[in-house]
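Q: Quick one: the structure is below, and I'll ask about it shortly.
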Amino acid sequence: MRWTVHTERVVHDTPWVRLRALDVEQPDGTLTDYHVVRLRDVAVTAAVDGERRVLMMWRHRFVTDTWAWELPMGLVEDGEKPARAAARELEEETGWRAGAVRELVYAEPAAGITDARHFVFRTDDAVRIGEPTERNESDRLEWIPLSRIGAMIARREIVSSATLVGLMALLLDLSPAAD
């Protein structure tokens, strides 16, 4: 059931979004035109403290005109490793520096239309080093108890797919192993 890409043409190109038109052959032999959005990788950090709280940012997303809680995240720069990008974004957006960082989960949020890749990392030993240097990222930061996350999701206070995937993986990571 593999699709075959015969050609790919640039429709629109910016440093953040690349729209492509592809000539593809479906498994049944049908040839079709297909559009794909190519995006830069995203790195996300779930910083957890000793009181089982996660550091989150209250953000406005103008594209959807919504306010919600999110984990610190940002684009992976050319030549940068996702773990380094996650630590950098945590520091720039929150003023907290990650100690040890480990991969928590990897996701492809909409693989049928985009090649976006989300790398979510966890740190348990972040240290506050000062104020955030990115001033346009959030209205406030808060350490939120993990026990409140489920209700916040139900109330749609957390809607970002990268944040949702990261938090759910974090909650599974913290759960006792099943016998």
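Q: Could you tell me what percent of the DSSP beta bridges with both partners in region 31-120 are antiparallel, to the nearest 5?
A: Counting DSSP beta bridges with both partners in region 31-120, the antiparallel share is about 75 percent.
Q: As a test, work out the antiparallel percent of DSSP beta bridges whose residues both lie in the chain, rounded to the nearest 5.
A: Around 85 percent antiparallel, to the nearest 5.
Q: Let me ask something else about it. With every protein chain left in place, what is the accessible area per residue of region 1-49 in square angstrom, probe 1.4 Å? Walk me through the intermediate numbers first.
A: On the way: 3070 Å² over 49 residues.
Per residue, region 1-49 has 63 Å² of solvent-accessible surface.
Q: What does the net charge come to around residue 52 if you take all other residues with beta carbon closer than 12 Å to its beta carbon, with K and R at +1 and D and E at -1?
A: On the way: positive: 53, 148; negative: 49, 51, 124, 173.
So the environment of residue 52 carries a net charge of -2.
Q: So for the chain, taking the charge dipole from beta-carbon charges (+1 Lys/Arg, -1 Asp/Glu), which of 146, 114, 95 sits furthest toward the positive end?
A: Result: 146.
Q: Same structure again: Sort out for me the Cα centre separation of region 78-126 from region 1-75, rounded to whole Å.
A: Going from one Cα centre to the other spans 14 Å.
Q: Same structure, new question: Between residue 65 and residue 8, what FRET efficiency comes out of the Förster formula 1/(1 + (r/R0)^6) with R0 = 22 Å and r the beta carbon distance, rounded to 0.05?
A: Calculated transfer efficiency: 0.10.
Q: Also, quick follow-up: So what are region 36-115's ellipsoid semi-axes, whole angstrom, largest first, if each one is the square root of 5 times an eigenvalue of the alpha-carbon gyration tensor? Before the final figure, lay out each step's value.
A: Details: eigenvalues 98, 60, 30 Å².
Taking √(5λ) for each Cα gyration eigenvalue gives 22, 17, 12 Å.
Q: Then there is this: What does the charge dipole of region 45-179 about its Cα centre add up to, to the nearest 20 debye, if the Cβ of each Lys and Arg holds +1 and the Cβ of each Asp and Glu holds -1?
A: Working: 17 positive and 24 negative charges, 63 e Å.
The calculated dipole for region 45-179 is roughly 300 debye.
Q: How tilted is helix 161-174 with respect to the longest principal axis of the chain? Cα atoms for both, answer in degrees (0 to 90, nearest 10).
A: Between the helix axis and the principal axis of the chain, the angle is about 50 degrees.
Q: What translational diffusion coefficient, to the nearest whole µm²/s, does region 1-154 have by Stokes-Einstein, given a Kirkwood radius computed over alpha-carbon pairs, a temperature of 37 °C and 0.692 mPa s viscosity?
A: 187
Q: Using a 1.4 Å probe on the protein chains only, how many percent of the accessible area of the chain belongs to carbon and sulfur?
A: After summing per-atom areas, the C and S share lands at 53 percent.
Q: Continuing with the same structure: Keeping every protein chain in place, order 16, 58, 67 by accessible area at 1.4 Å, biggest value first, i.e. largest first.
A: 16, 67, 58
The values are calculated or read from the model by the stated rules, or taken from the named source; none is laboratory data. None of the values given here were measured: they were computed from a predicted structure. Cβ sites come from the backbone with ideal geometry, for glycine too, and all protein chains shown count toward neighbours. The area values use the complete protein model at the heavy-atom level, side chains included, leaving out ligands, DNA and RNA. Shrake-Rupley method; radii C 1.70, N 1.55, O 1.52, S 1.80 Å.
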